[in-house]
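Asks: I'd like to ask some things about the structure below.
The values are calculated or read from the model by the stated rules, or taken from the named source; none is laboratory data. Keep in mind that what you see is a predicted model, and the values were worked out from it rather than measured. Using ideal geometry, Cβ is built from the backbone for each residue, glycine included, and neighbour counts are taken over all protein chains shown. Note: accessible area is taken over every heavy atom of the protein model, side chains too, but ligands, DNA and RNA are not part of it. Shrake-Rupley method; radii C 1.70, N 1.55, O 1.52, S 1.80 Å.
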Amino acid sequence: MSLDRPVTPDPYPLLPRAGSFHVRSDDMSDGVPLADDFAFAGGNTSPHLTWSDFPENTRGFVVTCFDPDAPIPSGFWHWVLVGLTPQTTALPRGAGAEGGGALPAGAFHIRNDFGAAAYGGAAPPPGDRLHRYFFVVHAIDVDQLDITATTTPAAVGFNLAFHTLARAIVTPVYAIPG
């Protein structure tokens with residue numbers, strides 16, 4: 001089986017227009033390979049994130065991590081964290097751990113495409129090209145999306161299309177040698 005295929009586009013320009021704001025991380029940067037600590041087979045630890053300059057009318061946040069380069073048509077959801085209040089402007093390293101013990105009150109994980117209600121680290125097929133991991137903080141116009149813990153990541157993404165005021169994105173990369 002060959003894993004050679006065209007590079008998929010950045011998925012976010014395909015969605016309804018939204019503003020932007022700032023996100024940064026002590027653990028990752030745009031275009032820079034993730035450390036193994038943040039890979040599934042490494043430490044499987046969610047990276048630190050902090051954000052600022054979001055719209056004044058923000059009523060909540062959702063954090064996602066999506067790999068559009070996965071060798072499946074729908075891409076791969078690594079992290080979906082919902083229920084963050086507008087007062088939450090940072091997540092410490094490891095906040096994505098299963099059980100949600102490090103999460104702010106009211107926040108919870110949606111099951112990722114690994115099947116866990118947690119962060120699932122980078123895990124491209126060995127020998128595949130470099131994958132992009134879109135870590136996105138979505139500023140939303142509602143206190144809570146109309147979802148539950150059993151909602152799928154795709155359904156969360158659908159809801160976000162109608163409630164996102166602005167997005168802050170950092171896109172590190174990762175590959176596993178063949």
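Asks: Using alpha-carbon positions, what is the distance between the centroids of the stretch 117-178 and the stretch 41-84, in Å?
Replies: That distance is 4 Å.
Asks: Hey, could you grab the Kirkwood Rh for the stretch 60-152? Inverse mean 1/r over distinct alpha carbon pairs, Å, one decimal.
Replies: One decimal place: 13.8 Å for the Kirkwood radius.
Asks: Next question. If ligands, DNA and RNA are left out, what is the accessible area of residue 119 with a 1.4 Å probe, given in Å² to the nearest 10?
Replies: 10 Å²
Asks: Going by average Cβ density within 10 Å per residue, which order do the peptides 90-98, 58-66, 5-13 take, highest to lowest?
Replies: Averaged packing, sorted descending, gives the order 58-66, 90-98, 5-13.
Asks: Taking only the alpha-carbon atoms of the chain, what semi-axes of the equivalent ellipsoid follow from 5 times the gyration tensor eigenvalues under a square root, in whole Å, largest first?
Replies: 25, 17, 16
Asks: On a 0 to 90° scale, report how tilted helix 153-163 is relative to the longest principal axis of the chain, with both axes built from alpha carbons and the result rounded to the nearest 10.
Replies: With both axes taken from Cα atoms, the answer is about 40 degrees.
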